[in-house]
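The values are calculated or read from the model by the stated rules, or taken from the named source; none is laboratory data. Everything quoted here is computed from the prediction, not taken from an experiment. FYI the Cβ positions are ideal-geometry reconstructions off the backbone, even for glycines, and counts take in every protein chain you see.
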Amino acid sequence: MTTEFPLNRFEELRTPFYYYDIGVLKKTLDLIKEETDKWGYRVHYAIKANANPVLLKIISSYGFGADCVSWNEIERALSCGFRPDSIVFAGVGKSDYEIENALKADILCFNVESLQEMEVINEIAGRLQKKARIALRINPNIDAHTHKHITTAVDDSKFGIIISELDDALNILSSANYLNLTGIHFHVGSQITRMQVFKNLCARINELTEWFSSRNVSFKIINVGGGLGIDYHEPDSMPAFREYFGVFREILKLYPGQELHFEPGRAIVGQCGTLITRVLYIKNGGNTKFAVVDAGMTDLIRPALYQAYHKIENLTSTGLKCHYDVVGPICESSDTFGKYVELPETKRGDFIAIRSAGAYGESMASRYNLRDLPPSVFSED
């Protein structure tokens with residue numbers, strides 16, 4: 001799954017830009033489909049990871065669904081070939097406008113995150129004379145052992161319905177004429193590399209399905225969310241899909257007629273994308289040597305926001321190794337892609353590849369400093 005970079009093409013292009021290796025994306029999708037088709041699992045791609053239409057059309061062509069967190073994402077999904085009955089709508093702050101449009105689009109279900117949201121959806125569905133299919137997003141209080149900004153299932157998280165409120169949720173459902181409970185939903189965090197986290201989730205889900213069963217509450221869907229991480233140190237490696245899906249196959253207990261759904265995002269697109277940038281200047285700063293590139297935190301915010309690691313490669317130069325702080329042009333000290341990065345001796349004009357940037361790169365880009373948004377280039381162009 002090695003990405004090759006066509007430098008002769010890059011010479012003609014203005015940097016920075018995102019380069020997507022479509023072959024890597026398809027190999028990733030092939031493996032996911034192979035593993036999930038074995039057991040009849042359903043996959044909803046988390047569009048927030050990357051909403052590029054070219055990528056979305058390829059992903060939808062595999063028959064996968066979409067996990068959306070805004071009405072605009074739902075619209076994008078529909079325009080790129082995702083079926084309405086494969087779209088789930090998550091998020092703690094769905095507006096009335098978004099709920100109404102999603103009901104009219106007849107999506108698969110809403111992943112509801114609070115008791116009041118249940119009441120609001122019931123009210124809007126009643127006004128439209130529609131039945132809203134919902135899944136209760138439950139906060140299972142499981143530590144994902146990942147960055148605090150992408151941990152979503154511990155006490156005091158804004159996400160999900162806490163377990164102590166489930167009786168109240170069932171009471172609302174008993175009198176809500178326009179809600180249909182289709183499932184339960186979980187998402188414990190992002191960039192999870194410890195399989196034990198998913199094992200713990202399975203154990204908690206088993207406890208909860210028994211709890212619902214003891215109250216004669218049944219549903220068709222168990223949605224375990226996403227969260228599977230990628231190896232940022234080895235950008236040509238495949239995520240551990242076989243081990244990941246195997247955990248759920250081994251531990252999670254499904255009742256007859258129940259379906260198991262997943263919502264991967266980063267694991268699908270992370271390794272196919274690279275941010276390509278050029279070196280503007282080499283600058284000495286006391287004990288530090290800087291490689292100043294033309295990409296910035298506006299193009300890839302993860303290192304500034306999460307202190308995230310991305311492997312950085314010089315695609316142009318070879319030879320003696322030196323160490324550089326690779327920094328961008330933005331007027332912020334946090335605009336740094338990597339500190340003390342070992343690279344071949346680097347010079348002005350060299351192409352730099354910031355790897356594993358297919359997820360939460362382009363989708364989080366901004367126009368701070370009135371910079372242009374980075375364009376996209378595809379290997380199959």
In the range 309-334, which residue that is more than 23 Å from residue 359 (Cα to Cα) and of a type in the set (Ser, Thr, Tyr) is surrounded by the most Cβ atoms within 10 Å (Cβ to Cβ)?
-> 324
Kindly indicate whether residue 305 is assigned to a loop (DSSP other than H, G, I, E, B) and either of a type in the set (Phe, Trp, Tyr) or under 17 Å from residue 191 (Cα atoms) (or both).
-> no
Of these, 66, 77, 90, which one is without any contact (Cβ under 8 Å) to a residue 24 or more places away in the chain, more than 30 Å from residue 330 (Cβ to Cβ) and among the aliphatic types (A, V, I, L, M)?
-> 66
Quick one: in the range 176-209, of everything that is of a type in the set (A, V, I, L, M) and more than 20 Å from the chain's Cα centre (by Cα), which residue is nearest to residue 246 (Cα to Cα)?
-> 203
Output for Cβ contacts, cut-off 7 Å, separation at least six or different chains, first residue in contact (Cβ under 8 Å) with a residue 12 or more places away in the chain and closer than 19 Å to residue 17 by Cβ in the range 338-357, second of a type in the set (Ser, Thr, Tyr) and not in a strand (DSSP E or B), reads 350/316; 350/317; 351/316; 356/232
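Residues checked against (1) modelled with pLDDT under 95; (2) touching a Phe, Trp or Tyr at 6+ places or on another chain (Cβ under 6 Å); (3) not in a strand (DSSP E or B):
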{"site": "313", "(1), (2), (3)": "no, no, no"}
{"site": "317", "(1), (2), (3)": "yes, no, yes"}
{"site": "323", "(1), (2), (3)": "no, yes, no"}
{"site": "330", "(1), (2), (3)": "no, no, yes"}
{"site": "339", "(1), (2), (3)": "no, no, no"}
{"site": "342", "(1), (2), (3)": "no, no, no"}
{"site": "348", "(1), (2), (3)": "no, no, yes"}
{"site": "352", "(1), (2), (3)": "no, no, no"}
{"site": "374", "(1), (2), (3)": "no, yes, yes"}
Is it the case that some residue within the range 170-181 is surrounded by 17 or more Cβ atoms within 10 Å (Cβ to Cβ), modelled with pLDDT under 95 and either within 22 Å of residue 260 (Cβ to Cβ) or in the same structural domain as residue 360 (by TED's automatic domain parsing) (or both)?
-> no
Can you tell me which residue within the range 274-304, out of those that are more than 14 Å from residue 348 (Cβ to Cβ) and in contact with an Asp or Glu (Cβ under 7 Å, 6 or more places away or on another chain), is surrounded by the fewest Cβ atoms within 10 Å (Cβ to Cβ)?
-> 288
In this structure, is residue 219 more than 23 Å from the chain's Cα centre (by Cα), modelled with pLDDT of 95 or more, surrounded by 15 or more Cβ atoms within 10 Å (Cβ to Cβ) and part of a loop (DSSP other than H, G, I, E, B)?
-> yes
Matching residues in the range 286-296 (part of a loop (DSSP other than H, G, I, E, B) and in contact (Cβ under 8 Å) with a residue 60 or more places away in the chain) number 3
Could you list all residues from the range 119-136 that are out of contact with any Gly (no Cβ under 6 Å at 6 or more places or on another chain), among the aliphatic types (A, V, I, L, M) and surrounded by 15 or more Cβ atoms within 10 Å (Cβ to Cβ)?
-> 120, 121, 124, 125, 132, 134, 136
Quick one: residue 260 ticks every box in (1) out of contact with any Cys (no Cβ under 9 Å at 6 or more places or on another chain); (2) assigned to a helix (DSSP H, G or I) bar one, so which box is it?
-> (2)
Scanning the range 18-54 for residues that are part of a helix (DSSP H, G or I) and of a type in the set (D, E, K, R), which turns out farthest from residue 298 (Cα to Cα)?
-> 37
If we keep only residues of the range 182-192 that are part of a strand (DSSP E or B) and touching a residue at least 60 places away in the same chain (Cβ under 8 Å), then the residue surrounded by the most Cβ atoms within 10 Å (Cβ to Cβ) is 185
Exclusive hit being touching a Gly at 6+ places or on another chain (Cβ under 8 Å) and outside the structural domain of residue 45 (by TED's automatic domain parsing), set 275, 373 = 275
So which of 262, 241 is touching a residue at least 40 places away in the same chain (Cβ under 8 Å) and either buried (at least 21 other Cβ atoms within 10 Å of the Cβ) or in the same structural domain as residue 359 (by TED's automatic domain parsing) (or both)?
-> 262
Scanning for something assigned by TED's automatic domain parsing to the domain that holds residue 238 and not in a helix (DSSP H, G or I), does the range 6-17 turn up at least one residue?
-> no
